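See structure below.
The values are calculated or read from the model by the stated rules, or taken from the named source; none is laboratory data. Since the model is a prediction, treat every value here as computed from it, not as a measurement. Here the Cβ positions follow ideal geometry from the backbone for every residue, glycine too, while neighbour counts run over all protein chains shown.
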């Protein structure tokens, strides 16, 4: 099995997605986790706050992202020395946006009032969790191979709430070591996938957004999420997840899901 070492290859004016970006619904479209991380990378590169922290990331998914060439661009919407808002957009070169990120970034302070409040990890750790490979991807080399998955409870392959740890099995962009925050974005869009309440073969439940709020940046190789999906019964659902590194909780995520029969 020939597995790429990265999710994206840089080109002159953008990137080309590798097979590790392939999502579960259609082999021609990317899982939203990799492009979310690519948008974060662009937003941080456009930032005017050196060594700042990204505290809120709100993604809108306008259309599926094809597996192939993509382009990203970013601009500072609200500049500032302490707080800024950065917007990043992904397209395939035709100016039609497929995904958009709105990211609030802040200056890091060593003298912040109150100090750090550590919220303990509420799930078994990565080395007390079991390895598992998703069984529903149509391609052997796809998104599920981009991360090393360890399940604390629940399963990729059965409905219900689930908690999983991951560590990167590849880089985001060729020639660059993936950062913990980029890893978090690659992982967190799968929260609704690991905690689905529906059968993959009979229903679709694609998310139209992804929102992440962080009270501190992630650190280390292993990151985790404890996710639960709630069906609304009217064609909509919501997924909520607590996000962790091995030291404690770092934030939470939400996803709005569009649910319909396959």
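When residues of the range 220-246 are filtered for being without any contact (Cβ under 8 Å) to a residue 60 or more places away in the chain and touching a helix residue (DSSP H, G or I) at 6+ places or on another chain (Cβ under 6 Å), how many remain? Give the steps one after another, and end with the answer.
The first filter runs over the range 220-246 and keeps only residues without any contact (Cβ under 8 Å) to a residue 60 or more places away in the chain, leaving 220-221, 223, 230-241, 243.
Applying the additional criterion that residues be touching a helix residue (DSSP H, G or I) at 6+ places or on another chain (Cβ under 6 Å) yields 223, 239, 241.
Adding up the residues that qualify gives 3.
Only one residue in 74, 122, 103 is at pLDDT 95 or above and loosely packed, with under 14 Cβ neighbours inside 10 Å. Which one? Can you show your working first?
Numbers: 74 fails: loosely packed, with under 14 Cβ neighbours inside 10 Å; 103 fails: loosely packed, with under 14 Cβ neighbours inside 10 Å.
Every option except 122 fails the conditions.
Considering only residues that are outside any strand (DSSP E or B), farther than 20 Å from residue 134 by Cβ and more than 20 Å from the chain's Cα centre (by Cα), which ones fall in the range 198-238? Before the answer, list the steps.
Just the residues of the range 198-238 that are outside any strand (DSSP E or B), to begin with: 198-202, 208, 215-222, 232-235.
This time we only want the ones that are farther than 20 Å from residue 134 by Cβ, so: 208, 215-221, 232-235.
The answer is 232, 233, 234, 235.
Collect the residues in the range 1-31 that are crowded, with 24+ Cβ neighbours inside 10 Å, touching a strand residue (DSSP E or B) at 6+ places or on another chain (Cβ under 6 Å), modelled with pLDDT of 95 or more and not in a strand (DSSP E or B), keeping them in residue-number order.
20, 21
Looking at the structure I just gave you, is residue 257 under 24 Å from residue 107 (Cα atoms), buried (at least 17 other Cβ atoms within 10 Å of the Cβ) and either touching a residue at least 40 places away in the same chain (Cβ under 8 Å) or in contact with a helix residue (DSSP H, G or I) (Cβ under 9 Å, 6 or more places away or on another chain) (or both)?
Numbers: under 24 Å from residue 107 (Cα atoms): no; buried (at least 17 other Cβ atoms within 10 Å of the Cβ): yes; either touching a residue at least 40 places away in the same chain (Cβ under 8 Å) or in contact with a helix residue (DSSP H, G or I) (Cβ under 9 Å, 6 or more places away or on another chain) (or both): yes.
Judged against the criteria, residue 257 is not a match.
Confirm whether residue 112 is modelled with pLDDT under 95 and surrounded by 14 or more Cβ atoms within 10 Å (Cβ to Cβ). Lay out the reasoning, then the answer.
On the way: modelled with pLDDT under 95: yes; surrounded by 14 or more Cβ atoms within 10 Å (Cβ to Cβ): no.
Here the answer is no, as residue 112 does not meet what is asked.
Starting from residues that are without any contact (Cβ under 8 Å) to a residue 40 or more places away in the chain, within 12 Å of residue 47 (Cα to Cα) and touching a strand residue (DSSP E or B) at 6+ places or on another chain (Cβ under 9 Å), keep the ones in the range 81-96 and report whichever is surrounded by the fewest Cβ atoms within 10 Å (Cβ to Cβ).
Out of the qualifying residues, it is 82.
Please work out if residue 55 is touching a helix residue (DSSP H, G or I) at 6+ places or on another chain (Cβ under 7 Å), buried (at least 16 other Cβ atoms within 10 Å of the Cβ) and modelled with pLDDT of 95 or more. Can you show your working first?
Numbers: touching a helix residue (DSSP H, G or I) at 6+ places or on another chain (Cβ under 7 Å): no; buried (at least 16 other Cβ atoms within 10 Å of the Cβ): yes; modelled with pLDDT of 95 or more: yes.
The answer is no for residue 55.
Just to be sure I understand, how many residues within the range 175-202 are surrounded by fewer than 20 Cβ atoms within 10 Å (Cβ to Cβ), within 20 Å of residue 255 (Cα to Cα) and out of contact with any strand residue (DSSP E or B) (no Cβ under 6 Å at 6 or more places or on another chain)?
Selection size over the range 175-202: 2.
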